[in-house]
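Structure record follows, encoded as structure tokens.
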Amino acid sequence: MGTIISCNLIMTQADRFCKCVKDVSKKITLRRNLARTKEGAATAICTKAILWPQGRTIRRFSCRGKKAKLVTQKRKM
């Protein structure tokens, strides 16, 4: 028979994005003129890694609280 996967294992796009920002901001080192904060640089890296392959980009996001919020828009080519 097939394997049953729990519904709790499915991560939303917002959860994946917030987890990526938190992980990358811990590991990143800033260059002088490219980014002002670690979170800004991490947001750019995660946007390119997670959203761009799907043809999306950020409109608004928030990772505070229990529920992550991510509003995306279609990426201009």
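List of remarks:
- Scanning segment 6-65 for residues that are closer than 26 Å to Lys76 by Cα, among the polar types (S, T, N, Q) and surrounded by fewer than 16 Cβ atoms within 10 Å (Cβ to Cβ) yields Thr12, Gln13, Asn33, Thr37, Gln54, Thr57, Ser62.
- Considering residues of segment 21-73 that are aliphatic (A, V, I, L, M) and part of a strand (DSSP E or B) only, the residue nearest to Met11 (Cα to Cα): Leu70
Values in this text are rule-based calculations from the coordinates and carry no lab data. Not measured: the values here are computed from a predicted model. Heads up, the Cβs are rebuilt from the backbone with ideal geometry, glycines too, and the neighbour counts pull from every protein chain shown.
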